[in-house]
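Okay, structure first, notes after.
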Amino acid sequence: MAAEFFEALKSRRSIYGIGKEISVDEAQIQQIVEDAVKYTPTSFNSQTSRAVVLFGEQHDKLWDLTLGELKKVAVSEEAFAATTDKINSFKSGYGTVLFFEDQDIVQNLQNQFALYADNFPIWADQSSGMLQLVVWTALHDAGLGATLQHYNPLIDAGVQQTWNLPTSWKLRAQMPFGSRLAEAGEKTFQPVEERVKVFK
């Protein structure tokens, strides 16, 4: 089991070439996200993580919204052309998972446990990172390609208004996914001995 777990981690990569022709049904994708949200750990079992799954037109709407917000801050037409290509590559996918952390719960914990108040936002972000990895790895294991994007806070207000989400949900990341049209290139690693220290 441990070997299978690490094989899944090793094979998960950023896949930028994604398409709409997938062999996984939407119910399975929904189940992946629901299980990930349910079973990914959170500090104090606070269950702060939230997710929104967008399929079809709703997925397209997100990336149209993102492009519109980016146009408002574009420095030049030339730069915006490259940005448009990038956003359209995400829109070319089948769907997107949006990741949030519920700030009402974070603030309640800060009020209840003043000694750790400064840590609760950090711990919530750590939980979000774990959730993102779980979903990403599970989607890859299901044969899908995905990347992790961060257009927040630029799109926060538009996302909240468009999908009528609670204002306490703080957007942390976006994960467009779809069929894998191209595999990731070779990945290089720093020597692990420089990154892990063992004392006996």
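The values are calculated or read from the model by the stated rules, or taken from the named source; none is laboratory data. What you see is a predicted model, and the numbers here were worked out from it, not measured in a lab. FYI the Cβ positions are ideal-geometry reconstructions off the backbone, even for glycines, and counts take in every protein chain you see.
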Here the residues within segment 110-133 that are more than 16 Å from Q149 (Cα to Cα), surrounded by fewer than 18 Cβ atoms within 10 Å (Cβ to Cβ) and under 14 Å from the mean Cα position of the chain (by Cα) are Q126
Condition met for A8 (surrounded by fewer than 16 Cβ atoms within 10 Å (Cβ to Cβ) and over 20 Å from the mean Cα position of the chain (by Cα)):
no
Checking R13 against (1) more than 18 Å from the chain's Cα centre (by Cα); (2) under 22 Å from N88 (Cα atoms), the condition it does not meet:
(1)
Provide a single number: the residues in segment 1-27 that are among the polar types (S, T, N, Q) and under 17 Å from Q174 (Cα atoms).
1
Could you list all residues from segment 165-182 that are touching a residue at least 40 places away in the same chain (Cβ under 8 Å) and either loosely packed, with under 10 Cβ neighbours inside 10 Å or among the polar types (S, T, N, Q) (or both)?
S168, Q174, S179
Kindly indicate whether R50 is of a type in the set (K, R), more than 18 Å from F99 (Cα to Cα) and in contact (Cβ under 8 Å) with a residue 12 or more places away in the chain.
no
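Condition check ((1) touching an Asp or Glu at 6+ places or on another chain (Cβ under 9 Å); (2) of a type in the set (A, V, I, L, M)) across all residues:
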{"site": "Y16", "(1), (2)": "no, no"}
{"site": "A36", "(1), (2)": "no, yes"}
{"site": "Y39", "(1), (2)": "no, no"}
{"site": "N45", "(1), (2)": "no, no"}
{"site": "S49", "(1), (2)": "yes, no"}
{"site": "L62", "(1), (2)": "no, yes"}
{"site": "E77", "(1), (2)": "no, no"}
{"site": "T83", "(1), (2)": "no, no"}
{"site": "I87", "(1), (2)": "yes, yes"}
Check whether at least one residue in segment 151-160 is in contact with a strand residue (DSSP E or B) (Cβ under 6 Å, 6 or more places away or on another chain), without any contact (Cβ under 8 Å) to a residue 24 or more places away in the chain and not in a helix (DSSP H, G or I), and report yes or no.
yes
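Quick grid of which residues meet (1) in a helix (DSSP H, G or I); (2) of a type in the set (F, W, Y); (3) farther than 30 Å from E186 by Cα:
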residue: A3; (1), (2), (3): yes, no, no
residue: F6; (1), (2), (3): yes, yes, no
residue: S23; (1), (2), (3): no, no, no
residue: Q28; (1), (2), (3): yes, no, no
residue: I32; (1), (2), (3): yes, no, no
residue: D35; (1), (2), (3): yes, no, yes
residue: V52; (1), (2), (3): no, no, yes
residue: H59; (1), (2), (3): yes, no, no
residue: L62; (1), (2), (3): yes, no, yes
Scanning segment 16-33 residue by residue, those within 17 Å of the chain's Cα centre (by Cα), farther than 26 Å from T83 by Cβ and not polar (S, T, N, Q) turn out to be I29, I32, V33
Exactly one of F44, F80, F55 is surrounded by 13 or more Cβ atoms within 10 Å (Cβ to Cβ) and free of Cβ contacts under 8 Å to residues at least 24 places away in the same chain, and that residue is F80
What do you reckon, is D141 within 26 Å of K20 (Cα to Cα) and of a type in the set (D, E)?
yes
Filter segment 68-98 for residues that are hydrophobic (A, V, I, L, M, F, W, C) and more than 22 Å from A182 (Cβ to Cβ); the one that is modelled with the highest pLDDT is L98
Quick check on my filter: what residues within segment 153-188 are at pLDDT below 95 and of a type outside the set (A, V, I, L, M)?
E183, G185, E186, K187, T188
What are the pairs with Cβ atoms under 8 angstrom where one residue, in segment 94-106, is of a type in the set (S, T, Y) and the other, located anywhere, is buried (at least 23 other Cβ atoms within 10 Å of the Cβ) and part of a strand (DSSP E or B)? Sequence gap at least six, or different chains.
Y94/I18; Y94/L144; Y94/F177; Y94/G178; T96/Q174; T96/P176; T96/F177
